[in-house]
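A.B. asks: Have a look at this one.
The values are calculated or read from the model by the stated rules, or taken from the named source; none is laboratory data. Every value quoted in this text rests on a predicted model; they were computed, and no experiment measured them. Glycine gets a Cβ as well: all are built from the backbone with ideal geometry, and neighbour counts include every protein chain shown. Remember, those area values only see protein heavy atoms, side chains included, never the ligands or the DNA or RNA. Shrake-Rupley method; radii C 1.70, N 1.55, O 1.52, S 1.80 Å.
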Amino acid sequence: MSELALIIEDDEDLASIFAEALRGVGFEVEIIADGQAAQERLQNGIAPFLILLDMHLPHISGADLLTNIIKKEDRFSKTIVIITTADARMGEAYNEEVDFVMIKPISFVQLRDLSSRLKPKS
Amino acid sequence: MNSLNRFLTISTTDPDDTRRRRILNILVVSITALSLLAIVISLVSVYSKAMVWENVALIVIGSLITILGMLLVYSINAFFSGRIAAIIFLVFLTIVFAFSDTPQQVSGGRSLFGFAIPIIMASILLVPWSSFVFSSISGIIVSVIAFSINSVPNSPAIIGFFVIALVSWLSSRSLEQALRELRTINANLDQVVVERTKALAESLERERIEAGRSQAILNSIADGVVVFDTSWNAILANPALTGMLDLPLELIVDKNFRDLIEHPKLSPRSRNLLRAMMEYDTQPPSFRIEWDKKTLSISAAQVYDYTKDRFTNIGTVTVFRDFTREAEVEKLKSTFVAIVSHELRTPLNAVLGYAEMFKEAVYGPMNDKQVNMAERIMKNTQRLLGLINDLLDQAQMEAGKLTIQMAPVRPAELLENLHSILDQSAHDKNLKLTSEIDDSLPEVLNGDGARLHQILLNLVSNSIKFTEHGTVHVRLFSPYRNRWGIEVSDTGAGIPESEIPYIFDTFRQVEGTTTRVHGGFGLGLSIVKQLVHLMDGDINVKSQVDVGSLFTITLPLVIPEENIEKWRIG
């Protein structure tokens, strides 16, 4: 069974590019485009292998999701968290808190290569 | 008492005359009163049978004559001449004394002393030397009476008259002297008072004109001005302020600022700022407050007065400027910057991603031409993203919003990142991109990693852009203990000497026309220079046309505290 990668990103095109990169290396991908929906999904008992989290989201920001749920609940302790932001400063601020920070523009190849390295060899 | 005073005083232009006439009146009134008393006593004693009429008749008649004489003297004194009245009075007095006793007593006995009275009075009622006249008259009268009774004139008494006259003359003269001096002093004093009053009036007038001018200047200033004393009472304010705050002047002037800032139109944040302004004695910087729907910029300055060789704080002058429009524009600008930053970059990121997917043949095989096209799309998108970043940086720097954030940085990491991004571009142009780190540089130093990266990226990509063959070399070094530097050299086109002063200007490229050849806004070097200055550094360029350019940046070298020991040992 393939690992679940959760893409939380409000831009449809970017989400689909990220999804393609992750699917390409064998992840099962789920896309959530809204902060509120992401919060509900995350509280639903799932424990994805990887979360690709955009810091700027409608309704509930990625930063809030990170501090209030992902960093709080033990369920996500083994989850690899990658945050995406266009703000280099913000990215720097979260450097210590998450596994990877990707500054937009994010390259398809870069994300594919990174996730390929992260995915456990089956 | 007042009416008595009026009765006794005769006003004249000569103060001495007035004084003498008043004294004469006092004497006249006293003698009249004594005469009346004598008449009353005589009549009472006759009535009570203590005396017989024959014995008192002379006293009563004499007293009546005296009263009549006194009335005459008073009238002359009051309506004609003080001097004549005084002479008549004194002569009358002398005659009265001459007949007041037996000739024996008058010429040589107990009644002699009576003559002393007119002699003394003469010096007071007339001019001082008139005592001698009356002592002579008295002497003659005494002698005549003595001769009339066949007696020798009493020479010691006559000499005594002259001695009394001498004493009276001296004392009266010094009294008049003292009075004259007093009058002179008074007159001088009056003059001084007049002059001082005039000077005061003039200076008040000057001050009024001055104040009027200051007020006119104050009134014509578009900024709101209010002046406070040291306890923050508003001393004065101008109409611009009342317009700005939409409050009448009465609610501002003569009121304490502490009361004004409780006004509901003021936002709580602004209230705290104004409280802070009042609390700090040192000159507060300018700041902004929200008043109703307005944004006001406030700058305050302490007012000092230089007196007694030192400066004394006498209050604060506060200038209010309507900043509403500027604040709106600023807000619009930062909103614009934020929108551009997000809304432009996101779709460009998508374009870049899709182009990459083409290139990587995610949806099936691509031929070389298709791959090449995808690469071109990617390259152009990246250029566009770079331009947007430059524009945003420029906008942020203009707004003063770009700040430098220091954190530990590894120079080696800076170079690694640089290579990972630009190796490909250099390779594409058949250029060598090389780099080195001098041993003099510590492994870790304090700096703004993102901005240092940006500086390196801008300088090196600029060098690659203008170099057709050869090498672009980057060197990181430390010229001396507390500085470190970045050197970027190339073997490119070089910069004409005449253009060197302008290469760091915004929107400028060498020769003005190269923009079309090389692309870009010409913002890169300008941003580099501004960033270097924000980091308290310097940037220099040496260049020779067709040989190459050398950019040198020096920055303050600060080693993070946790690395200091290591650096010293290392």
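A.B. asks: Roughly how much accessible area, to the nearest 100 Å², goes out of reach of solvent when B and A pair up, both sides summed, probe 1.4 Å?
C.D. replies: So the total buried area for this chain pair works out to about 1700 Å².
A.B. asks: Turning to a different aspect of this structure: Which aspartates and glutamates does B:Lys293 reach when only Cα atoms under 15 Å apart count, and residues fewer than 8 places away in its own chain are ignored?
C.D. replies: B:Asp246, B:Asp322, B:Glu326, B:Glu328
A.B. asks: Taking the alpha-carbon centroid of each part, what is the distance from segment B:115-136 to segment B:378-402 in angstrom?
C.D. replies: Answer, in whole Å: 117.
A.B. asks: Need the full-extension length gain, B:Glu497 to B:Ile159, defined as separation in residues times 0.36 nm minus the C-alpha distance. One decimal, nm.
C.D. replies: Contour length minus the Cα-Cα distance gives 109.3 nm.
A.B. asks: Bin all alpha-carbon pair distances of segment B:169-239 at 5 Å intervals from 0 and give each bin's fraction as a whole percent.
C.D. replies: 4, 13, 10, 11, 10, 9, 7, 7, 6, 6, 5, 5, 4, 3, 1, 1, 0
A.B. asks: If you don't mind, there's one more thing I want to ask. Work from the charge dipole of segment B:292-435 (Cβ charges, +1 for Lys and Arg, -1 for Asp and Glu, about the Cα centre) and give the residue of B:Gly353, B:Gln396, B:His342 farthest towards its positive end.
C.D. replies: B:Gln396
A.B. asks: Take the solvent-accessible surface of the protein heavy atoms, probe 1.4 Å, and return the percent of it on the protein assembly as shown that carbon and sulfur atoms account for.
C.D. replies: That fraction is 58 percent.
A.B. asks: Below 8 Å between Cα atoms, with a sequence gap of 6+, how large is the relative contact order for chain B in percent?
C.D. replies: Relative contact order here is 6 percent.
A.B. asks: Please report the antiparallel percentage of DSSP beta bridges with both residues in the protein assembly as shown, rounded to the nearest 5.
C.D. replies: 70
A.B. asks: A follow-up question, please. I'd like to know which of B:Ile140, B:Leu236, B:Leu182 lies farthest towards the positive end of the charge dipole of segment B:135-269, counting +1 on Cβ of Lys and Arg and -1 on Cβ of Asp and Glu.
C.D. replies: B:Ile140
A.B. asks: Taking only protein heavy atoms and a 1.4 Å probe, what accessible area per residue, in Å², does chain A have with all protein chains in place?
C.D. replies: 47
A.B. asks: Based on Cβ point charges of +1 for Lys and Arg and -1 for Asp and Glu, what charge dipole magnitude is obtained for the protein assembly as shown about its Cα centre, in debye rounded to the nearest 20?
C.D. replies: 4300
A.B. asks: Distance between Cα centroids, segment B:247-262 to segment B:25-73: provide it in whole Å.
C.D. replies: Their Cα centres are 82 Å away from one another.
A.B. asks: OK, next. On average over all directions, what projected area in square nanometres does segment B:376-491 have, based on the convex hull of its Cα atoms?
C.D. replies: Spelled out: convex hull of the Cα atoms, projected over all directions, averaged, 8.1 nm².
A.B. asks: Which of A:Gly26, A:Gly35, A:Gly45 ends up with the largest GNM mean-square fluctuation for chain A, with Cα atoms connected below 10 Å?
C.D. replies: Comparing A:Gly26, A:Gly35, A:Gly45 in a Gaussian network model of chain A, the most mobile one is A:Gly45.
A.B. asks: At 1.4 Å probe radius, can you tell me the per residue accessible area of segment B:1-126 in Å²?
C.D. replies: I get 57 Å² per residue for segment B:1-126.
A.B. asks: Mind checking segment B:28-104 for chymotrypsin sites (Phe, Trp or Tyr not before Pro) that DSSP puts in a loop (not H, G, I, E or B) and that have at most 15 other Cβ atoms within 10 Å?
C.D. replies: The qualifying sites are B:Phe80, B:Phe99.
A.B. asks: While we're looking at this one, here's another question. Report, in debye and to the nearest 20, how large the dipole of segment B:170-209 comes out about its Cα centre when Lys and Arg carry +1 and Asp and Glu carry -1 on their Cβ.
C.D. replies: 80
A.B. asks: Still on this structure, please answer the following. With charges set only on the Cβ (+1 for Lys and Arg, -1 for Asp and Glu), what does the dipole of segment B:134-233 come to about its Cα centre, in debye to the nearest 20?
C.D. replies: Computed about the Cα centre, the dipole is about 540 debye.
A.B. asks: Can you pull the mean other chain C-beta count within 10 Å for peptide A:83-92?
C.D. replies: Counting other chains' Cβ atoms within 10 Å and averaging over A:83-92 gives 3.
A.B. asks: Could I have the simple spin-label model distance between B:Glu416 and B:Ala201, label points 7 Å from Cα toward Cβ, reported in nm to one decimal?
C.D. replies: 9.2
A.B. asks: May I ask you to list the trypsin sites (Lys or Arg not before Pro) in segment A:26-122 that are in a DSSP loop and have at most 13 other Cβ atoms within 10 Å of their Cβ?
C.D. replies: A:Lys71, A:Lys72, A:Lys78, A:Lys121
A.B. asks: What is the ratio of the Cα radius of gyration of segment B:146-273 to 2.2 N^0.38 Å, with N the residue count, to two decimals?
C.D. replies: Ratio of Cα Rg to 2.2 N^0.38 Å: 2.71.
A.B. asks: Hull surface divided by four, with the convex hull built on the Cα atoms of chain B: how many nm²?
C.D. replies: Its average projected convex-hull area is 58.8 nm².
A.B. asks: Considering the convex hull of the alpha carbon atoms of chain A, report its projected area averaged over all viewing directions, in nm², one decimal.
C.D. replies: 6.8
A.B. asks: Work out, step by step, the length gained on full extension between B:Val545 and B:Glu561: first 0.36 nm times the residue separation, then minus their alpha carbon distance; give nm to one decimal.
C.D. replies: Value of the extension gain: 1.3 nm.
A.B. asks: Just in segment A:87-122: which GluC sites (Glu not before Pro) are loop by DSSP and have at most 15 other Cβ atoms within 10 Å?
C.D. replies: For GluC sites (Glu not before Pro) across segment A:87-122 that sit outside H, G, I, E and B with at most 15 neighbouring Cβ atoms in 10 Å, the list reads A:Glu96, A:Glu97.
A.B. asks: Hey, how much of the P(r) for segment B:84-125 falls beyond 12 Å, as a percent of Cα pairs?
C.D. replies: Above the 12 Å cut-off, segment B:84-125 has 55 percent of its Cα pairs.
A.B. asks: Length gain on complete extension for the stretch B:Leu36 to B:Glu468, per 0.36 nm per residue less the alpha carbon to alpha carbon distance?
C.D. replies: Fully extending the segment from B:Leu36 to B:Glu468 adds 141.3 nm.
A.B. asks: Applying 1/(1 + (r/R0)^6) with R0 = 51 Å to the Cβ-Cβ distance of B:Gln382 and B:Ser267, what FRET efficiency is obtained, to the nearest 0.05?
C.D. replies: Result of the calculation: an efficiency of 0.70.
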